[in-house]
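The values are calculated or read from the model by the stated rules, or taken from the named source; none is laboratory data. Note that this is a predicted model, so its numbers are computed, not measured. Cβ: placed from backbone, ideal geometry, glycine included. Neighbour counts: every protein chain shown. Calculation scope for accessible area: heavy atoms of the full protein, side chains included, ligands and nucleic acids excluded. Shrake-Rupley method; radii C 1.70, N 1.55, O 1.52, S 1.80 Å.
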Amino acid sequence: MKGKRPLILNDRVKAFLCLLPSIILIMVFVYGFIGWTGYVSLSNWNSLVPDFSFAGLKNYAFLFNDYRFQADLRNTLFFTLFFIIAVLASGLLLAILLDQKIRGESLFRNIFFFPMALSFIVTGVVWQWLLNPSTGVNLLLKKFGMSPLWYTSVKVIPGVEWGKIEFGVPVAIIAVVIAAMWQMTGFSLAMYLAGLRGIPEELREAARMDGASELQVYTKIILPLLMPITVSVIIIMAHISLKIFDLIYAMTGPGANFVTDVPGMYMFETTFRGNYYANGAAITIIMLLSVAIFIVPYLISSRKGGS
């Protein structure tokens, strides 16, 4: 036993030395830059000339009192909510259909997975044309007397006054949700299909023999067993939606009256076009904290579940 302990210790030292370069790079280029961004957000650097004098929470107070940022928070809230629900529902439905071992399953699976191979920039450009009020699907809808404005609409439903904005669902954000759902449904489909294939068929047969209907088999047995997958999909989709930028940039931009604007877009224009570096850093920190609200509890629970 005495001879094995130095050997184990030696292996741990070697493992640590192998990981040390990665640890240093992560500490500098991830956590170091996060710390620097937080420092800048508390400064007065809102011009081309650096000014690191302490400003306290002035930049944060300005943002939460700003019309555009309030609109961004509203848009992000409803985009995240609708996006997660749409991806979960569509992915689960398609996974259940493919789990029936239909003919041509591999073909359908590849078709549904294909959008994930595209970038959000490509998706944004394509759906911008498809949902353009004067082209795309509206050419067909006009034959039925319909002509929706899609992402050009400025309507907010129900439009209750809240702070400086109308609080409600921006109609234009629905178009963005459709595009994002189209791209990310393949991910939830893959997750759910893997989960369904991992459930023993004997379990379903036993439930049917006990008199359970097909609906009860799914609601009472299969869906509860898929709950860990559902939680994982929610966390990942929330992470994507809270920091969304490229899809909005390519498809709609901020939109009229900021109905499709998001914090990522505001941060980009504030920092790199307006040179308000402290305000842009404050937006970034708020985005980081919003993502952490979802990610950190999930990581903690996963760590406890694995120990």
- [ ] Within region 263-281, track down each residue that is open to solvent by 30 Å² or more (accessible area, probe 1.4 Å) and in contact with a Gly (Cβ under 7 Å, 6 or more places away or on another chain).
- [x] Met267
TODO: Could you check how many residues of region 217-246 are open to solvent by 60 Å² or more (accessible area, probe 1.4 Å), in contact (Cβ under 8 Å) with a residue 12 or more places away in the chain and over 23 Å from the mean Cα position of the chain (by Cα)?
DONE: 2
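Evaluate the following for Lys164: is it free of Cβ contacts under 8 Å to residues at least 40 places away in the same chain and surrounded by fewer than 22 Cβ atoms within 10 Å (Cβ to Cβ)?
Judged against the criteria, Lys164 is not a match.
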Open item on the list: If Ala172 meets every condition in (1) open to solvent by 20 Å² or more (accessible area, probe 1.4 Å); (2) under 24 Å from the mean Cα position of the chain (by Cα); (3) in contact (Cβ under 8 Å) with a residue 24 or more places away in the chain apart from one, which number is that one?
Closed with: (1)
TODO: Return the total of residues in region 113-126 being buried (at least 18 other Cβ atoms within 10 Å of the Cβ) and either under 18 Å from the mean Cα position of the chain (by Cα) or modelled with pLDDT under 90 (or both).
DONE: 4
Task: Hits in region 169-198 - residues which are among the charged types (D, E, K, R) and at pLDDT 95 or above - done: none
TODO: Pick out, from region 153-254, the helices (runs of 4 or more DSSP H) lying fully within it that include 3 or more residues that are under 30 Å from Pro133 (Cβ atoms).
DONE: 171-197, 227-242, 246-251
Open item on the list: So, in region 28-80, exactly how many residues are open to solvent by 50 Å² or more (accessible area, probe 1.4 Å) and of a type outside the set (Gly, Ala, Ser)?
Closed with: 23
Task: Matching option when the condition is open to solvent by less than 30 Å² (accessible area, probe 1.4 Å) and either modelled with pLDDT of 95 or more or touching a Pro at 6+ places or on another chain (Cβ under 9 Å) (or both), among Thr260, Thr284 - done: Thr260
- [ ] State whether one or more residues within region 177-196 are under 25 Å from Leu77 (Cβ atoms), surrounded by fewer than 16 Cβ atoms within 10 Å (Cβ to Cβ) and not hydroxyl-bearing (Ser, Thr, Tyr).
- [x] no
Open item on the list: What's the total number of residues in region 135-154 that are surrounded by fewer than 18 Cβ atoms within 10 Å (Cβ to Cβ) and touching a residue at least 40 places away in the same chain (Cβ under 8 Å)?
Closed with: 1
